[in-house]
Amino acid sequence: MGFLILPIAGVVISIAMLKSKAISRVIAYVGVPTFTISLVDYIRVVFMPSVSLLLTIIAIASGLLLLVWLVLILRVPCKLNRTTICIAPFSVL
C-alpha cells in the first residue's frame, strides 16, 4: 500500500506545477503521464500479478519517462538562480 503514495504524490505535484509560473509546463506535462503510468502499474500488480509482458512494457515506459522528468527537474534550480553559474544541480557557488 505504501508504494501507491509515490505515484499519487507525483501526480499531485505535477498538477501543482501546471499552475506555477516558475516551473516550465513541459515538466508538468511529462510528470503527469509518468506518474499516472506508474500508478496504473502498481494497481495492475495488485489485480494481475501474472502478466509479465505487460509489466515489462509498462515498467520500461514509466522508467524512461521518469528519467526524462528527473532531468527536467534538475535543471530548474539553475534556471531560477540566474546570477551565478550552476555547475551541478542544487549547488550554490
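Here are a few things to note about the model shown:
- Filter pass, residue 46 being among the aliphatic types (A, V, I, L, M) and under 9 Å from the mean Cα position of the chain (by Cα): no
Results for (1) part of a helix (DSSP H, G or I); (2) within 13 Å of residue 69 (Cα to Cα), shown as yes or no for each residue.
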residue	(1), (2)
11	yes, yes
17	yes, yes
20	no, no
30	yes, yes
42	yes, no
45	yes, no
49	no, no
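- Considered as a group, the residues in segment 49-90 that are in contact with a helix residue (DSSP H, G or I) (Cβ under 9 Å, 6 or more places away or on another chain), at pLDDT below 80 and closer than 13 Å to residue 24 by Cα include one that is surrounded by the most Cβ atoms within 10 Å (Cβ to Cβ), and that residue is 76.
The values are calculated or read from the model by the stated rules, or taken from the named source; none is laboratory data. Keep in mind that this is a model prediction, so the values were computed, not measured. Cβ coordinates were reconstructed from backbone atoms using ideal geometry, including for glycine residues, and neighbour counts include every protein chain displayed.
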